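One structure is given here, and the rest of the page talks about it.
The values are calculated or read from the model by the stated rules, or taken from the named source; none is laboratory data. Predicted model only: the values in this text are computed from it and were never measured.
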Amino acid sequence: MADTFTISLDLSSLISQHQELADKIEESANEMMQKLSIQAHAHIVEFASEKLHTRRDMFINNLKGPEETEKGTWVVSLGKEAHWIEDGLESNFSLLEKFLASPKAKTSKWGNK
């Protein structure tokens, strides 16, 4: 005849201690990510101040500081008005139309610009 042997363990206190540790680690990681995003924003502003000249103010004014989009996710973004500074202009972009529309554009003797 086989004897039955039963072991019953109560691990709730051990699990709760580990959960507290996991919560503290997650809180610390979120705080570090916030600080890192603040430093990244400051570095972008510093870099833009060094490299940009005429469009510096436009770029920095459209740079949106660190925002927490969801828990643990921090985003530094650039507004739509300044995207072209970061991405560059399209290859088929022509300044000729802008120059001709300027009030300083001269009109030829035949009446065209």
Filter result for Glu86 (modelled with pLDDT of 85 or more and of a type outside the set (Ser, Thr, Tyr))
no
Candidate set from segment 41-71 (those that are modelled with pLDDT of 90 or more and of a type in the set (Gly, Ala, Ser)); member that is farthest from Ala82 (Cα to Cα)
Ala42
